[in-house]
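> I have a structure here, written as structure tokens, and I will follow up with some questions on it.
The values are calculated or read from the model by the stated rules, or taken from the named source; none is laboratory data. Treat the numbers as computed from the prediction; the structure is a model and nothing was measured. All Cβ positions, glycine included, derive from the backbone under ideal geometry; neighbour counts span all protein chains shown.
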Amino acid sequence: MSEIHNPNSPGIWLVRTAAQTLGERLQTLLGGTVYRPWLQAEVTQRELFARQFARHGEWILVMASGIALRYLDGLPLDKHQDPAVVVLDEAARFAISLLSGHEGGANALAYRVGRAVGAQPIITTASEALKSLVLGIGCRRGASCAQIEAAVQLALGNQYTLAQIREVASVDVKADEAGLLEFCRHHQLPLRIFSRIQLAARPWTTKPSAWVQENLGLDGVCEPCALLAAERGILSVPKTTLDGVAVALASDTGISNDA
């Protein structure tokens, strides 16, 4: 494969005019180039994509996964060289890491796409998928990375380690929280964001917070976030607070703190 022309600029490939609004939103939030192949009707979309495949280090394919597989047929060469590819359905429900997930950065791209449009990241690589623990984190505005680190270590205690954590989850108003973003970068953990509407639909928390209720209209942040990210899991460590930071730990495997 020839040298990638734009390694840090995602290509956003649409297959239908109905996806243009979503494509433009992705471009606004993540940068990159939007491709509208129907404007070149004399060439098949698959052929056009093959010509552009090496131009970007990252691709967001807004289409069904079956179409994406046909597009990619014969193009990937090596997981250390191939572009990262994420498939996003037109309803922006799921962002699937499809190609070059770990080495190429598609897993991280799936989380970026998810945060941008509210989609659920789908990760299947063993190094990430086998990790069963999720950190839910809520914090006061301006909480530092060091404050978050201290609260997380308190919650983990002697029973768990950061090496067991798959992802960090928080509420939408924390998507740009500098200390939280720095913590995630430092530990190379993806940040998954849930909307307040999603959290309000799953309000259960062991320790409701009057401050969170007053400011966000929610009973809590860290526990609902951890439980939503772990899906069918349970709390392994309930809400633990320190210096304006609240942390909860949930497990996909159903292993509680009392096990």
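> Restricting to the stretch 121-140, name every residue that is over 16 Å from A169 (Cα atoms), touching a residue at least 12 places away in the same chain (Cβ under 8 Å) and over 15 Å from the mean Cα position of the chain (by Cα).
So the first thing to find is which residues in the stretch 121-140 are over 16 Å from A169 (Cα atoms), and the list is 124-127, 130.
Retained after the next criterion (residues that are touching a residue at least 12 places away in the same chain (Cβ under 8 Å)): 124-125, 127.
S127 - this is the single residue of the stretch 121-140 that is over 16 Å from A169 (Cα atoms), touching a residue at least 12 places away in the same chain (Cβ under 8 Å) and over 15 Å from the mean Cα position of the chain (by Cα).
> E90 versus (1) outside any helix (DSSP H, G or I); (2) touching a Lys or Arg at 6+ places or on another chain (Cβ under 9 Å); (3) buried (at least 20 other Cβ atoms within 10 Å of the Cβ): which is the lone unmet condition?
Of the numbered conditions (1) outside any helix (DSSP H, G or I); (2) touching a Lys or Arg at 6+ places or on another chain (Cβ under 9 Å); (3) buried (at least 20 other Cβ atoms within 10 Å of the Cβ), the odd one out for E90 is (3).
> Mind checking which pairs have a first residue in the stretch 14-31 that is over 14 Å from V87 (Cα atoms) and a second that is among the basic types (K, R) and not in a helix (DSSP H, G or I), Cβ under 8 Å, 6 or more apart or different chains?
Close Cβ pairs (under 8 Å, with a partner that is among the basic types (K, R) and not in a helix (DSSP H, G or I)) amount to T17/R36; Q20/R36.
> Counting only residues that are over 17 Å from C139 (Cα atoms) and touching a residue at least 24 places away in the same chain (Cβ under 8 Å), which one in the stretch 164-188 is surrounded by the most Cβ atoms within 10 Å (Cβ to Cβ)?
Restricting to residues being over 17 Å from C139 (Cα atoms) and touching a residue at least 24 places away in the same chain (Cβ under 8 Å), the top hit is R166.
> Here's something else I'd like to know. Read through the list (1) more than 30 Å from L199 (Cα to Cα); (2) out of contact with any Phe, Trp or Tyr (no Cβ under 6 Å at 6 or more places or on another chain), then give the number of the only condition that Y35 fails.
Going through (1) more than 30 Å from L199 (Cα to Cα); (2) out of contact with any Phe, Trp or Tyr (no Cβ under 6 Å at 6 or more places or on another chain) one by one, Y35 breaks only (2).
> Would you please list the contacts, defined by Cβ atoms under 7 Å and residues six or more apart or on different chains, that run from a residue in the stretch 204-230 that is basic (K, R) to a residue that is surrounded by fewer than 23 Cβ atoms within 10 Å (Cβ to Cβ)?
Qualifying pairs under 7 Å: K207/K239.
> Among (1) assigned by TED's automatic domain parsing to the domain that holds P76; (2) touching a residue at least 40 places away in the same chain (Cβ under 8 Å); (3) crowded, with 19+ Cβ neighbours inside 10 Å, where does G118 come up short?
It is condition (3) that G118 fails.
> Does any residue of the stretch 66-73 turn out to be surrounded by fewer than 18 Cβ atoms within 10 Å (Cβ to Cβ), part of a helix (DSSP H, G or I), acidic (D, E) and not assigned by TED's automatic domain parsing to the domain that holds S170? Lay out the reasoning, then the answer.
Keep residues of the stretch 66-73 that are surrounded by fewer than 18 Cβ atoms within 10 Å (Cβ to Cβ), which gives 66-67, 69-70, 73.
Next, from what is left, pick out any that are part of a helix (DSSP H, G or I): 66-67, 69-70.
Those still in the list that are acidic (D, E) too: none.
No, there is no match, as no residue in the stretch 66-73 is surrounded by fewer than 18 Cβ atoms within 10 Å (Cβ to Cβ), part of a helix (DSSP H, G or I), acidic (D, E) and not assigned by TED's automatic domain parsing to the domain that holds S170.
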